[in-house]
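Participant: I'd like to ask you about the structure that follows.
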Amino acid sequence: MAAIETKVKRKPNWTQEECLLFITLINENKHVLRSRLGLNLTSQMKQDTWEKISKQLNASALTPRTTEEIEKKWNCIVHQVFFEKFWNQLLYK
């Protein structure tokens with residue numbers, strides 16, 4: 001018997017409007033997302049904030065995105081900015 005192949009369809013790339021809305025939502029919630037965990041901030045509060053951002057983004061976007069996809073997008077942006085800054089410092093000292 002041949003194995004049934006199921007291809008996972010990729011979601012479309014993030015549009016410029018989605019990215020702008022995403023960055024705006026991150027900026028509005030940066031006090032929670034960028035702070036360290038402690039007595040005043042728990043991981044559950046951060047997770048709730050990511051879910052809130054996900055719902056707000058999905059309400060305006062054409063392509064629904066999961067909370068995990070949204071967090072991954074943020075991590076990719078942060079790493080991209082970090083490496084650009086690192087290479088600029090290294091190359092243009």
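The values are calculated or read from the model by the stated rules, or taken from the named source; none is laboratory data. From a predicted model like this one, the values you see are computed outputs, not experimental measurements. Reconstructed Cβ throughout: ideal geometry from the backbone, glycine too, with neighbour counts over all protein chains shown. The accessibility values were calculated without ligands, DNA or RNA, using every heavy atom of the protein model including side chains. Shrake-Rupley method; radii C 1.70, N 1.55, O 1.52, S 1.80 Å.
Participant: Among the GluC sites (Glu not before Pro) in the stretch 2-53, which ones are in a DSSP loop with at most 16 other Cβ atoms within 10 Å of the Cβ? Mind listing them?
Facilitator: Loop-located and lightly packed - Glu5.
Participant: Consider the candidate values (i) 117; (ii) 194; (iii) 101; state which one is volume of the Cα convex hull per residue in Å³ computed from the structure displayed.
Facilitator: (ii)
Participant: Could you tell me the relative contact order of the chain? Use alpha-carbon pairs under 8 Å, at least six residues apart, and round to a whole percent.
Facilitator: Relative contact order, the chain: 22 percent.
Participant: Further, regarding this structure: Please give the FRET efficiency for Lys72 paired with Glu5, using the beta carbon to beta carbon distance and R0 = 25 Å, rounded to the nearest 0.05.
Facilitator: 0.50
Participant: Separate question: Provide the FRET efficiency to the nearest 0.05 for the Leu37-Ala61 pair, computing r from the beta carbons and using R0 = 25 Å.
Facilitator: 0.30
Participant: Can you tell which of Tyr92, Val78, Thr66 lies farthest toward the positive end of the dipole of the chain, using +1 and -1 charges on the Cβ of basic and acidic side chains (Lys, Arg; Asp, Glu)?
Facilitator: In the chain, that residue is Tyr92.
Participant: What are the aspartates and glutamates whose alpha-carbon lies under 12 Å from the alpha-carbon of Lys11, with same-chain residues fewer than 8 places away excluded?
Facilitator: Partners found: Glu69.
Participant: Would you mind telling me the share, in percent, of accessible area of the chain contributed by carbon and sulfur at probe 1.4 angstrom?
Facilitator: 57
Participant: So with the 1.4 Å probe, I'd like the accessible area per residue for the chain, rounded to whole Å².
Facilitator: Dividing the accessible area of the chain by its residue count gives 86 Å².
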